[in-house]
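The values are calculated or read from the model by the stated rules, or taken from the named source; none is laboratory data. Keep in mind that what you see is a predicted model, and the values were worked out from it rather than measured. Here Cβ is always computed from backbone atoms with ideal geometry, including for glycine, and neighbour counts include all displayed protein chains.
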Amino acid sequence: MDFGVQPVVKKREGRRKSRFGCRNCKLRKLKPLSEKRAKQEIPCRAARLPSPRPAISNAIWADDGSTFFMLDSKDQELFNRFRYRTVYSLGGSVMVDIYESHMLWASFTCPFLMHGSLAAAAVHDRYLGVTPAPRRSLRESYHWFQCTILFNKRLSQHIKEEDKDPLWATAGSIGILTFSSINACLPDHAWPLGAPDPSDLDWLRLGAGKMSLWYLLDPLRPGSVFRSMSETLQQMHQPLPEKGLDSVLAELVHVCGLSESSSRENNPYFTVAHGLSRLLEKPRGEASQNSALGVASKMHNDFRMCLEKKDPIALLLLCLWYTRARETRWWIDFRARYEIPAICTYLQRYHKDNSAIQALIPWDEMRESNQEVHDNEKLCLLGQPG
């Protein structure tokens, strides 16, 4: 029956090419291989196209299934600086390869590692002057705090095999953060001159704690990504003589009161004097991280107790260690630039009658460190935020 209504002819819209879909399917929302196309045996190529990479503005998460957090734009910038700059300051080529092949990826499934990496990048910014602030920023403090909380929480639980390497890497980040944590603006405010603070020697206590982690996580176990560093780690822990004066510098023999009968058990300076002598014998600029950290690993309980009491001989040995160790890693230099002049001033002020100690004080290093601090003094006193 004809009602006199003219049929409506729908104007055909212009086709729009799909950016990511199959060119044979034409429409982006059409399934890549429709029934009609399948019958025509026209292959759909959409499934073979890679997914578009997310833009930097997209949300990026670190998530282990129970704990997660989103990296905002500032965190993403920090992570990029960690990846392309800080990683190369952590050690040699072996360490760089470990991070590029494993740890950078693990950061996105281990929030404790991500927080530690971001905090390390933030303090590296301060050391380099990228962030013009003498003290920790809120962001740096936040990531350090979260790293410590999540790290301790994971250690209190059953440790899965896949978590051991990220935990060991995080312990390294915490070590960097602790070593470079110095709130003094001037050498007069730094230990041992400044007001006592319970955290003054935390970096030294942490070293003893990391040895406990060594046995718990066993970074040289079969399958560990850190196993490739076995030679480096063995060099760091080269054995020292158990007794006597073999290879100890004559100046240190005198000031430390060493003799052929001296040992670790009867002289608190014995192991440090031996290790430090090996380090000081190397030409300036040729000290390795392994040899420098090897001496720090010899600063056992008795020596640490001497430092806590501000024993002048222990202070002198620490100061001499700083002069070479600071050349090897930036986080050691960060602390040394304040504590070298602080220790020298303390020894000059309170032990000026001890000629043996006065003769070994590194005055040139003191002046250089004071100049470095002076260059940042104005900024420090202004207290600009990071």
Residue under question is Ser291, and the condition is that it be farther than 16 Å from Ala325 by Cα and either touching a Lys or Arg at 6+ places or on another chain (Cβ under 8 Å) or not assigned by TED's automatic domain parsing to the domain that holds Glu327 (or both); does it hold?
no
Residue match in region 304-324 (condition: part of a helix (DSSP H, G or I) and touching a His at 6+ places or on another chain (Cβ under 6 Å))
yes
Counting just the residues of region 348-371 that are in contact with a helix residue (DSSP H, G or I) (Cβ under 6 Å, 6 or more places away or on another chain), under 24 Å from Asn183 (Cα atoms) and not acidic (Asp, Glu), which one comes out surrounded by the most Cβ atoms within 10 Å (Cβ to Cβ)?
Ser369
Going through region 147-188 in order, the residues found to be of a type outside the set (A, V, I, L, M, F, W, C), surrounded by 16 or more Cβ atoms within 10 Å (Cβ to Cβ) and assigned to a helix (DSSP H, G or I) are Thr148, Arg154, Asp163, Lys164, Asp165, Pro166, Thr170, Gly172, Ser173, Gly175, Thr178, Pro187
From Leu220, Leu233, Leu206, Leu216, grab the single residue that is touching a Pro at 6+ places or on another chain (Cβ under 8 Å) and more than 20 Å from Leu347 (Cβ to Cβ).
Leu233
Any residue at all in region 264-272 that's in contact with a strand residue (DSSP E or B) (Cβ under 7 Å, 6 or more places away or on another chain) and not small (Gly, Ala, Ser)?
yes
Mind listing whichever residues of region 95-119 are part of a helix (DSSP H, G or I), out of contact with any Asp or Glu (no Cβ under 9 Å at 6 or more places or on another chain) and either touching a residue at least 12 places away in the same chain (Cβ under 8 Å) or not aliphatic (A, V, I, L, M) (or both)?
Met95, Asp97, Tyr99, Glu100, Ser101, Leu104, Trp105, Leu113, His115, Gly116, Ser117
Checking the conditions here, which among Leu216, Leu177, Leu186 is of a type in the set (A, V, I, L, M) and closer than 21 Å to Asp75 by Cβ?
Leu177
Check whether at least one residue in region 212-221 is closer than 24 Å to Pro312 by Cα and of a type in the set (Asp, Glu), and report yes or no.
no
Just to verify a result, which residue in region 79-100, among those that are closer than 17 Å to Pro166 by Cβ and aromatic (Phe, Trp, Tyr), is surrounded by the most Cβ atoms within 10 Å (Cβ to Cβ)?
Phe82
Enumeration of residues in region 322-336 that are closer than 27 Å to Ser355 by Cβ and either buried (at least 22 other Cβ atoms within 10 Å of the Cβ) or under 20 Å from the mean Cα position of the chain (by Cα) (or both)
Tyr322, Arg324, Ala325, Arg326, Ala336
Subset of region 225-247 (residues that are modelled with pLDDT of 85 or more and assigned to a helix (DSSP H, G or I)):
Val225, Phe226, Arg227, Ser228, Met229, Ser230
Answer yes or no as to whether Lys153 is under 25 Å from Glu281 (Cα atoms), modelled with pLDDT of 90 or more and basic (Lys, Arg).
no
